[in-house]
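Worksheet: one structure, shown below.
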């Protein structure tokens, strides 16, 4: 009998759940597909996705415009295996047995597209490292296009 490892649940948390965490969720969903359950939430969710973050992701072939900011709840953290925070401070509840990482990333809010591209590319590199650490195979060229090809 073959058993498969349970699908890990990864939660990305930032303040507004409108930029960094949405970009990270977009990359993880694109690169891992159904091998990972992807979640994102914010400690003080915004009203909409940051349009510059959405534009930067569209440049690499990932559409996050159908996403919306969601509020962080203790249950969302409790039922996640990996919790990645991005500047939410002490707002994220801590539960024993969870894997926590804090990614020090600039906030794309109010930034121009050039700055948001740098943040986006940093997030993608971190997602690839995360997938490797979770032993989840991915294609580093998976249906995302390089920024130079996006014009």
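The values are calculated or read from the model by the stated rules, or taken from the named source; none is laboratory data. What you see is a predicted model; the values in this text were computed from it and never measured. Cβ atoms come from the backbone with ideal geometry, glycine included; neighbour counts cover every protein chain shown.
The table that follows gives values for the structure above.
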read-out: Listing of helices (runs of 4 or more DSSP H) fully contained in region 11-101 that carry 3 or more residues being at pLDDT 95 or above and either surrounded by fewer than 24 Cβ atoms within 10 Å (Cβ to Cβ) or touching a helix residue (DSSP H, G or I) at 6+ places or on another chain (Cβ under 8 Å) (or both); value: 20-32, 51-58
read-out: Subset of region 1-10 (residues that are modelled with pLDDT of 90 or more and farther than 12 Å from residue 136 by Cβ); value: 9
read-out: Residues that are part of a loop (DSSP other than H, G, I, E, B) and surrounded by fewer than 15 Cβ atoms within 10 Å (Cβ to Cβ), drawn from region 102-117; value: 104, 110, 112
read-out: Failed condition for residue 58, given (1) closer than 21 Å to residue 122 by Cα; (2) in contact with a strand residue (DSSP E or B) (Cβ under 8 Å, 6 or more places away or on another chain); value: (2)
read-out: Pairs with Cβ under 7 Å, 6+ apart, first in region 84-95 and under 13 Å from residue 41 (Cβ atoms), second at pLDDT below 80 and surrounded by 13 or more Cβ atoms within 10 Å (Cβ to Cβ); value: 85/92
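Yes or no, residue by residue, for (1) touching a strand residue (DSSP E or B) at 6+ places or on another chain (Cβ under 6 Å); (2) without any contact (Cβ under 8 Å) to a residue 24 or more places away in the chain; (3) within 16 Å of residue 10 (Cβ to Cβ):
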| residue | (1), (2), (3) |
| --- | --- |
| 41 | yes, no, yes |
| 52 | no, no, no |
| 68 | no, yes, no |
| 79 | no, no, yes |
| 110 | no, yes, no |
| 120 | no, no, no |
| 127 | no, no, yes |
| 132 | no, yes, yes |
